[in-house]
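In what follows, a single structure is set out as structure tokens and then discussed.
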């Protein structure tokens, strides 16, 4: 199975170091991929002032090359257990993946690997 043709349904979620959530899902094979960005609001933040920006929803074509790149990057991070951490702390990235094969989750510590995926994810908000 290629990165662009995954068994459906699937959901991939990334919560960044500030707890802003990026959620991707595909219900049907070959169907559109839903994207949602759920930012932290000042009312939810520990400081009472932080804002993750504006919420965003989008529908992406199943063959959008960014979807294949998303999976490539997330699976590389999942395989790089040296970048994983045991606990969800401020500044870490939390990933969860739900597919017909099951659910899995992992945490990536602060560092270059997390910085790279975060920069990539931000592109979906634009």
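Bear in mind that the values in this text are calculations on the coordinates, not laboratory data. All of these numbers come straight from a predicted model, not from anything done at the bench. Quick reminder, even Gly has a Cβ in these numbers, built from the backbone with ideal geometry, and neighbours come from all protein chains shown.
So here's what we get for this one:
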| quantity | calculated |
| --- | --- |
| Gyration tensor (alpha-carbon) shape descriptor, the chain, a/c threshold 1.5 | oblate |
| Helix 65-79 axis, angle to the chain major axis (alpha carbon atoms, nearest 10°) | 70 degrees |
| Chain lengthening between residue 43 and residue 64 when straightened (0.36 nm per residue, less Cα-Cα) | 4.1 nm |
| Extension gain (nm, one decimal) between residue 34 and residue 11, 0.36 nm per residue minus Cα-Cα | 7.3 nm |
| Which of 50, 14, 37 has the fewest Cβ neighbours within 10 Å, and the rest in rising order | 50, 37, 14 |
| Residue 81/residue 101 FRET efficiency (R0 22 Å; Cβ-Cβ; nearest 0.05) | 0.70 |
| Residue with peak Gaussian network fluctuation, the chain [Cα springs, cutoff 10 Å], from 47, 99, 11 | 47 |
| Most mobile listed residue (34, 45, 83) in the chain, GNM with C-alpha springs under 10 Å | 45 |
